[in-house]
Amino acid sequence: MLAKSPCLPDMGLWQNDPTGACQAVDSPEFLEVRNLIIALLIGALVGTEREKRKVSEQEVSFGGLRTFILFAQAGAVSAWLSIHLSYPWIFVATVAAISAIVVTGYVLESRVRPTEIGVTTELAAITVCLLGGAVMYGFVAIAVALAIITSTVLAYKRPLHAAVARISTDDLYAGLRLLIATFIVLPLLPDRMVDPWQALNPHRLWLLVILISGLSMVGYVAVRWLGPARGTLLTAASGGLVSSTAVSLSFARQSRIDPGRRSGDMLAAGVLVAWAVMFVRVIIAVAIVNASLVGGVLAPFIAMAVVAALLAGFLFWRGRAGGASEPPAEVQLKNPFSLWEASKFGLLFAVVVLVVALTRRYLEGQGLYIVAALAGLTDVDAITLSMADYARLGGDAHTAVGAIVIATLSNTVVKCGLAVVFGSAAIRLRLLVATVATLATGAAALTLF
């Protein structure tokens, strides 16, 4: 074997490791130079974006590429001096001086062009100065990440403004209520059992309410962003995250307006897509609450989802092959989160959990299936979460899976009934066949697996 060569005495940044090999070391001087270069690159990154903005939009601004590099350099050098002189006020004074320069530039610019007042570039300049100092203080990774975020926020001005424009006041209030429920209400709830049967934990109940509300919010946002113009199937898929029942009812009513065979194919395909999404959503909810139960629910729910998706694909293909344009099927969905609705769902969930606990104590086994079938008539989420929690606390996993499947099948029958009552003949027969196929698949998968 070749002998490992030792480092030469004048190599400076190199030394011998325990095996005799020559390896690089980071001297303090090397790290300081590296950090200074990183600080300058941060200024160049943000400055490049500002320079491009000035050129593309013909803005008159005090800050461009060179200015931002100098701001970053000022922050880095002042931080370096503060460290070596053990006098942090040098960095503080530099940031204050940069802020004064920025404010002066803002005042002068506002006098020349009072109708185009903005502080984005000014705040970016102060941020770059602070990030340059943060690098020299050793927070390199955080500073680089924040510089990238800053440049991204600056560059995506129009998309961000367009996104905000699409948020209604009700959506904003709903988002704030969800944050209140998550970060204010949840920590205040007791994290212990509060009933004689040891079934109700307010903290855990509300946490599961937030989980379902969050999933519904994702679907609602998708519906708002996609819109009916994006197509029946995409609208149905995103709507299925909020409420597959709402999609079923909405599309059934739409079939009355356009009762043709081809339209019936398209609308039935949309309903089945919403059902398939609901089956997948159940798996996700179970995985979050009790990951060990996923193996049990996976086979029946994947089987039902595949059957629904295949039937949807066939109906969609037949409708498009016949030359039908996509019907303007719009799902009427309200924002899924309000404190009142969340409280009602939490109350429903608490009742289901309590009934499950009492049934487990006095009617173990078949009694849970009856509870699941009745609960599934109105809602799948509550019984799904309660049975997943039931298995997590030591209940029989097979019974829990069976109850979840039964509740889902019960809910599917209800949605089919809505389509039969409110839909046209074109959609009625298709969903009846799909319901029978789904029921048979779910029962077979539950029996076999």
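A short reminder: the numbers here are calculations on the coordinates, not readings from a lab. All values reported here derive from a predicted model rather than from experimental measurement. Neighbour counts run over all protein chains shown; Cβ positions are idealised from the backbone, glycine included.
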Report summary line: From fewest to most C-beta neighbours within 10 Å, the residues Lys52, Lys415 line up as Lys52, Lys415
Query raised in the report: Mind ordering 159-171, 342-354, 303-315 by average Cβ neighbours within 10 Å, highest first?
Result: 303-315, 342-354, 159-171
Report task. Could you work out how far the C-alpha centroid of region 380-449 sits from that of region 87-111, in angstrom? Result -> 65 Å
Requested in this report: Would you mind classifying region 279-321 by shape? Square roots of the alpha carbon gyration tensor eigenvalues, ordered a ≥ b ≥ c; an a/c under 1.5 is rounded, otherwise it is prolate if a/b is larger than b/c and oblate if not.
Outcome: prolate
Report summary line: Ranked from fewest to most other Cβ atoms within 10 Å of their own Cβ, His84, His203 fall in the order His84, His203
Requested in this report: Would you tally the net charge around Val286, using a Cβ to Cβ cut-off of less than 12 Å, leaving Val286 out, and scoring K and R as +1, D and E as -1?
Outcome: 0
Query raised in the report: For Tyr106, Tyr173, Tyr390, what's the fewest-to-most ordering of other Cβ within 10 Å of each Cβ?
Result: Tyr173, Tyr106, Tyr390
